[in-house]
Amino acid sequence: MKVLSVNEKGEEKLRIVLLGPPGAGKGTQAKMMEKDLGVSTLSTGDIIRLAIKNQTPWGKKAEEFVKSGRLVPDDVVIGIVKEKIDQDNLWSGFILDGFPRTIKQAEALEEMLKEKGLSLDVVLYFAVDKEEVIKRLSSRRVCENCQTPYNLLSNPPQRDELCDRCGGKLIQRDDDKPEVIRKRLETYEEETKPLIDFYEERNLLRVIPSSAPIEEVYDRVKEALKEVAAGQ
């Protein structure tokens with residue numbers, strides 16, 4: 001997939017932000033992009049947990065909030081993301097999933113890149129119908145014994161409601177119940193609308209309809225990236 005922009009060192013990479021509600025398929029699409037683009041995906045939740053585990057300076061700050069059940073503040077999240085990109089030398093290209101979540105974080109990312117003489121290439125917004133998200137997420141199950149995950153739609157067990165690995169009972173987590181999902185989606189929409197406007201104003205936003213099968217969605221991703229590479 002030759003859709004890449006060339007940075008000042010001649011390395012062909014893209015700097016991408018992913019937006020979209022839970023269940024939109026961002027993680028699946030990110031893995032496919034990683035393989036084709038040769039860049040790493042940074043998932044905010046994962047790198048915060050890693051920073052805490054490794055007791056980095058910012059990780060120690062995040063741990064204080066996590067242990068007390070409070071939200072990790074913008075300044076700490078920004079510090080952890082910058083720390084990770086610096087540590088792995090990923091400025092030439094990356095996929096960010098879960099960051100930025102606020103305008104303050106978006107502005108901080110913009111400033112970080114500007115300091116390096118760089119900028120974002122594109123923001124991909126995976127738009128999916130609310131009822132489709134609820135159907136996808138409420139179909140998730142996990143084995144109560146070995147914690148193996150399943151999805152009754154896309155990855156069902158061989159035996160109804162029983163784990164293929166250990167035969168344990170499959171359960172639905174509270175977070176995957178329809179009424180909880182609806183509330184999460186409402187919160188996400190409220191938080192994300194300003195970011196969509198922010199990136200639209202900068203002509204970086206590309207909307208990817210995501211209710212279709214995985215490969216069809218990825219074809220749309222590739223078309224969007226080709227447009228970016230062509231300077232459209």
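Report summary: the helix-based calculation at 222 nm, which adds -39500 (n - 2.57) for every DSSP H run with n ≥ 4 and divides by the residues of the chain, gives -15500 deg cm²/dmol.
Report, for region 1-157, the % of DSSP beta bridges that are antiparallel, rounded to 5. The antiparallel fraction comes to roughly 35 percent. Mind telling me which of 106, 212, 62 comes out most flexible in a GNM of the chain, alpha-carbon contacts under 10 Å? Result: 212 has the largest fluctuation of those listed.
About the centre of its Cα atoms, region 1-152 shows a dipole size close to 460 debye [charges on the beta carbon of Lys, Arg (+1) and Asp, Glu (-1) only; nearest 20 debye]. Computed from point charges on the beta carbon alone (+1 for Lys and Arg, -1 for Asp and Glu), the dipole magnitude for region 71-170 about its Cα centre is near 460 Debye. Mind checking which of 137, 62, 90 is farthest towards the positive end of region 1-147's charge dipole, using Cβ charges of +1 (Lys, Arg) and -1 (Asp, Glu) about the Cα centre? Value computed over the given set: 137.
If we sort 214-220, 66-72 on the protection proxy, mean other Cβ atoms within 10 Å, highest first, what's the order?
Details: 214-220: 14.6, 66-72: 10.4.
The most tightly packed comes first, giving 214-220, 66-72.
Which one of 196, 147, 120 has its Cα pushed farthest toward the positive end of the charge dipole of region 99-214, where Lys and Arg give +1 and Asp and Glu give -1 at the Cβ? About the Cα centre, the residue reaching furthest to the positive side is 147.
Dipole orientation for the chain: of the candidates 209, 106, 43, 43 has the Cα lying most toward the positive pole (charges on Cβ; Lys, Arg +1; Asp, Glu -1). Note on region 131-232: with charges restricted to the Cβ of Lys and Arg (+1) and Asp and Glu (-1), its dipole about the Cα centre is near 360 debye.
Throughout, read-outs are computed from the coordinates displayed, never taken from laboratory work. Everything numeric here is computed off the predicted structure, so don't read it as measured data. Note that each Cβ is placed from the backbone with ideal geometry, even for glycine, and that neighbours are counted across all protein chains shown.
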